[in-house]
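Taking it in order: structure first as structure tokens, then the write-up.
What follows is calculated from the coordinates using simple rules that are stated; it is not laboratory data. Just so you know, these numbers come straight off a predicted model, no measurement behind them. Note that we place each Cβ from the backbone using ideal geometry, even for glycine, and neighbour counts take in every protein chain shown.
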């Protein structure tokens, strides 16, 4: 097998969150966050804030990818 162009595994892509409670901005890997499917409002990522433990959410852009 020959790799022509190496990509990044989905679980190794970062997701950026901003806590609405304490305003902490943090980044985590997709592997560490929880993907919540939501047919009504759209899927989103969920992860607790490392400072105040408030549950932060971030919309899933395109099948788990973040820009």
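Quick one, which of (1) 13, 28, 18, 12, 14, 13, 2; (2) 20, 56, 19, 4, 0; (3) 20, 46, 23, 8, 2 is the actual P(r) over Cα pairs in 10 Å bins from 0, in percent calculated for this model? Here the calculated entry is (3). Length gained on full extension, residue 41 to residue 53, computed as 0.36 nm times the residue gap minus the Cα-Cα distance: 1.9 nm. Can you give the FRET efficiency for residue 24 and residue 3, using 1/(1 + (r/R0)^6), R0 = 25 Å, r = Cβ-Cβ distance, to the nearest 0.05? My answer for the efficiency is 0.10.
Its relative contact order, with pairs defined as Cα atoms under 8 Å and 6+ residues apart, puts the range 15-59 at 36 percent. Peptides 31-43, 13-25 ordered by packing proxy, namely the average of other Cβ atoms within 10 Å per residue, highest first: 13-25, 31-43.
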